[in-house]
Amino acid sequence: MSTDRIPAVLVLADGTTFPGFAFGAASAEPIFGEAVFTTAMTGYQETMTDPSYHRQIVVAAAPQIGNTGWNDEDNESRDSRIWVAGLVIRDLSKRVSNWRAERSLEDEMTAQGIVGIHGVDTRSLVRHLRNYGSIAAGIFVGEEAKGDVDKLVARVKEQPAMSGADLSAEVSTDQPYVIEAEDEKKYTVIAYDMGIKSATPRHFAQRGIETIVVPAGTSFAEVQKHNPDGVFISNGPGDPETADDMVAVTRDVIASGTPLFGICFGNQILGRALGLETYKLKFGHRGVNIPVKNHVTSKIDITSQNHGFAVKLPDGFTSQDVKDGTTFDTDFGPALVTHTCLNDGVVEGVALKSGKAYSVQYHPESAAGPHDANPLFDQFVALMDDHKTAKNSSEQN
């Protein structure tokens, strides 16, 4: 049955409503999540299957969504699952026009039971979220969409807050699995699945790395059985303040001297392991054109991002300290803030001065997004090269 004219409404916890029409599963049951917006013009399939969007209702700033359809190659979740709670758009494309498409966006949303709302004034909605911040929301369909607004708002407010939410365990793998290296194997890397995207192990595989993906919270003592050459901590959803177990694991990894690389949630975990605090951003960074400056090289990358939390600057630090390359003390030696966002100054990377551990707040796997940050994978390979050389030299002596 066509859902073109089934009424729906997006209700925000502050009482603001945005009417439209249901598409996708068009469930009679309301769905709830945190309303966030993405400025990406492309890559809606990668966005919707990114586990980092768990429990979020995504608002697309691009005016038309669905024109490239859906395929079986671009999913970023291992089981092809759509992780967004719901999708809010202005115009649903009626025609799929891409040679790689295998079905429409609406077909896939219907198959997976995902509710969307189209016909929404997304320009006004994005401006509202930008001005007042990401907020709890709900999508109500059919007769419920015509219900008393105060009652709908009350239901929206009943959902758990994103601050304090421990979500990594809900999206992480239950059992370890292996992504083999392409061609000759060079290294073995343990990847902690906090909500890992499929593109990341593929980038490792292309560089001769066998990736063993393990559940969030797996002890370092357990993964040491694999004799890893490096440890990677992935992106993921939720509040980093709840990730005490992973912070402890990260400290164990650093203390062992094993090369460490983290992205997104992994950046927040490394920051906490180095003694920094984290906080919730007003509306976060979600898009594929966000400029970041590397203060070590002075290079600027255009990056893909999806995060609602960030790392705080060290106590007493200013933006000038970051520009000057000033270090701060940690239990593992001096460290520095390596990257910041040129839009708002948010910390986008931290690292030990020794180079043994580093992380960035953005997505170098480019799914979707620009390829500027891809060399971060090569940096990890070079770090493991150096570690291997130093280890061999020590054993010979």
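Results, tabulated for the structure shown:
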{"quantity": "Criterion: touching a Leu at 6+ places or on another chain (Cβ under 8 Å) and surrounded by 15 or more Cβ atoms within 10 Å (Cβ to Cβ) - qualifying residue of P228, P215, P291, P237", "calculated": "P237"}
{"quantity": "Hits in region 108-165 (condition: open to solvent by 30 Å² or more (accessible area, probe 1.4 Å) and on the phi > 0 side of the Ramachandran plot)", "calculated": "G113, G119, G164"}
{"quantity": "Strands (runs of 3 or more DSSP E) (entirely within region 254-323) containing at least 1 residues that are touching a strand residue (DSSP E or B) at 6+ places or on another chain (Cβ under 9 Å) and acidic (D, E)", "calculated": "300-311"}
{"quantity": "Pick from region 358-385, criterion touching a residue at least 12 places away in the same chain (Cβ under 8 Å) and in a helix (DSSP H, G or I), ranking: surrounded by the fewest Cβ atoms within 10 Å (Cβ to Cβ)", "calculated": "D378"}
{"quantity": "Test: residue in region 98-107 that is crowded, with 23+ Cβ neighbours inside 10 Å, polar (S, T, N, Q) and at pLDDT 95 or above", "calculated": "no"}
{"quantity": "Some residue of region 35-53 being in contact with a Phe, Trp or Tyr (Cβ under 9 Å, 6 or more places away or on another chain), part of a loop (DSSP other than H, G, I, E, B) and more than 20 Å from V120 (Cβ to Cβ)", "calculated": "yes"}
{"quantity": "Test for V178: is it part of a strand (DSSP E or B) and either in contact with a Cys (Cβ under 6 Å, 6 or more places away or on another chain) or not hydroxyl-bearing (S, T, Y) (or both)", "calculated": "yes"}
{"quantity": "L342 vs. criteria open to solvent by 60 Å² or more (accessible area, probe 1.4 Å), among the hydrophobic types (A, V, I, L, M, F, W, C) and farther than 23 Å from Q206 by Cβ", "calculated": "yes"}
{"quantity": "Complete set of residues in region 149-173 that are outside any loop (DSSP other than H, G, I, E, B) and among the aliphatic types (A, V, I, L, M)", "calculated": "V149, L152, V153, A154, V156, A169, V171"}
{"quantity": "Search result, residues across region 69-93 that are open to solvent by 20 Å² or more (accessible area, probe 1.4 Å) and either among the acidic types (D, E) or without any contact (Cβ under 8 Å) to a residue 24 or more places away in the chain (or both)", "calculated": "D72, E73, D74, D79, D91"}
{"quantity": "Residue among G325, G355, G345 that is over 24 Å from G230 (Cα atoms), without any contact (Cβ under 8 Å) to a residue 40 or more places away in the chain and touching a helix residue (DSSP H, G or I) at 6+ places or on another chain (Cβ under 7 Å)", "calculated": "G345"}
{"quantity": "Residue among R90, R5 that alone is more than 25 Å from the chain's Cα centre (by Cα) and more than 27 Å from E170 (Cα to Cα)", "calculated": "R5"}
{"quantity": "Matching entry among G262, G308, G266, G284 (being on the phi > 0 side of the Ramachandran plot, in the same structural domain as Q361 (by the TED database), crowded, with 21+ Cβ neighbours inside 10 Å and touching a residue at least 60 places away in the same chain (Cβ under 8 Å))", "calculated": "G284"}
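The values are calculated or read from the model by the stated rules, or taken from the named source; none is laboratory data. Quantities reported herein were computed from a predicted structural model and do not represent experimental measurements. Methodologically, a virtual Cβ is constructed for each residue, glycine included, from the backbone with ideal geometry; neighbour enumeration extends over all protein chains shown. In case anyone asks, the SASA skips ligands and DNA or RNA and just uses the protein heavy atoms, side chains included. Shrake-Rupley method; radii C 1.70, N 1.55, O 1.52, S 1.80 Å.
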